[in-house]
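Inspection log for the structure reproduced underneath, given as structure tokens.
The values are calculated or read from the model by the stated rules, or taken from the named source; none is laboratory data. Being a predicted model, the structure only gives us computed values, none of them experimental. Positions of Cβ are generated from backbone atoms using ideal geometry, with glycine treated the same way; all protein chains shown enter the neighbour counts.
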Ligand SMILES: Cc1cc2nc3c(=O)[nH]c(=O)nc-3n(C[C@H](O)[C@H](O)[C@H](O)COP(=O)(O)O)c2cc1C
């Protein structure tokens, strides 16, 4: 049996990528009901942030309960690792909720190679997760061989090899999906999932041919009926190709976006400034991930940005999550 499907107790080794602002209970349950694994990402089901870690975790509890009402299938919650320092109160409070609500799996964002040596799963997360037998999927902001091997040694269940083709915060190593996947898959024995540009049945098949035991899909799932993104944003993604995307620098490395007024300013800064100056100027303009909320959840294509992967050329229509999963996994044989 496919190891990813077996470990997670799901039909297809198809994992929905955690996406800030762009997940909620309805969407996550739809992925799990379609036979994949849905993941509640940062700010799941929200349109505001709260500075209170307890309220943040309670908001997540509410979303978890909604998922449980919509599906009896496994799903996961995102826990953001320490990013080179201790894990934040926000994550630790969310971890308590994950344990209390018997969530079967988590996606841990490890820092990866960013700090040049502080690899793997942050220790204050690792022990409680193992103690409660919660399955651990690890996706590093900066994936590397050393990080994947550290995760394996710590008992992580699977590792996501993220290529530069992905949407969201881009890895600074600038390795495309076709290069990073075989490199990571050859370096560990735990199952490896491919993230970045997996948007149709051909790219799913290619991932398996290159050594993946599962796929980790973000962008393709945004233009779906159940995704909370604004209709205008879903339509923009469907009507665009990879040629419409522009890259710009922002800490820790790069972002890319479809055309919006804000995107054009970010690209202009990149062209006119250099070094730390461009990183500071663009961080200020983007306002953390609020530009993502404005452009993608609220559909304001003037003040926000639309962050997607380079696989958008393969997306031709807004479909149900179930149709997308079935089409992409059409050639999968257990
Ligand atoms: C709009 C958007 C927001 C994202 N936000 C997050 C996030 O908050 N945490 C995270 O680990 N990954 C995030 N990602 C990355 C995805 O989890 C996943 O790695 C990526 O979407 C896979 O590549 P693809 O978009 O080409 O399918 C985001 C991706 C997108 C498109």
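The requirement of being assigned to a helix (DSSP H, G or I) and either touching a helix residue (DSSP H, G or I) at 6+ places or on another chain (Cβ under 7 Å) or without any contact (Cβ under 8 Å) to a residue 60 or more places away in the chain (or both) is satisfied by residue 68. Tell me yes or no: at least one residue of region 103-112 is out of contact with any helix residue (DSSP H, G or I) (no Cβ under 7 Å at 6 or more places or on another chain), buried (at least 21 other Cβ atoms within 10 Å of the Cβ) and at pLDDT 95 or above. Scanning region 103-112, I find at least one residue that is out of contact with any helix residue (DSSP H, G or I) (no Cβ under 7 Å at 6 or more places or on another chain), buried (at least 21 other Cβ atoms within 10 Å of the Cβ) and at pLDDT 95 or above, so the answer is yes.
Against the definition (outside any strand (DSSP E or B), under 21 Å from the mean Cα position of the chain (by Cα) and modelled with pLDDT under 95), how does residue 43 come out, yes or no? For residue 43, the condition - outside any strand (DSSP E or B), under 21 Å from the mean Cα position of the chain (by Cα) and modelled with pLDDT under 95 - is not met.
Could you check, for region 232-239, whether at least one of its residues is touching a helix residue (DSSP H, G or I) at 6+ places or on another chain (Cβ under 8 Å), closer than 21 Å to residue 256 by Cα and modelled with pLDDT of 95 or more? Yes; the residues of region 232-239 include at least one that is touching a helix residue (DSSP H, G or I) at 6+ places or on another chain (Cβ under 8 Å), closer than 21 Å to residue 256 by Cα and modelled with pLDDT of 95 or more.
No other residue among 84, 155, 120, 172 is modelled with pLDDT under 95 and out of contact with any strand residue (DSSP E or B) (no Cβ under 9 Å at 6 or more places or on another chain) apart from 84. Of the helices (runs of 4 or more DSSP H) lying entirely inside region 198-306, those carrying at least 1 residues that are away from the ligand (no atom under 16 Å from the Cβ) and over 30 Å from residue 12 (Cβ atoms) are 261-272, 275-286. So is residue 262 more than 20 Å from residue 217 (Cβ to Cβ), modelled with pLDDT of 95 or more, out of contact with any strand residue (DSSP E or B) (no Cβ under 9 Å at 6 or more places or on another chain) and surrounded by 16 or more Cβ atoms within 10 Å (Cβ to Cβ) or not? It is true that residue 262 is more than 20 Å from residue 217 (Cβ to Cβ), modelled with pLDDT of 95 or more, out of contact with any strand residue (DSSP E or B) (no Cβ under 9 Å at 6 or more places or on another chain) and surrounded by 16 or more Cβ atoms within 10 Å (Cβ to Cβ).
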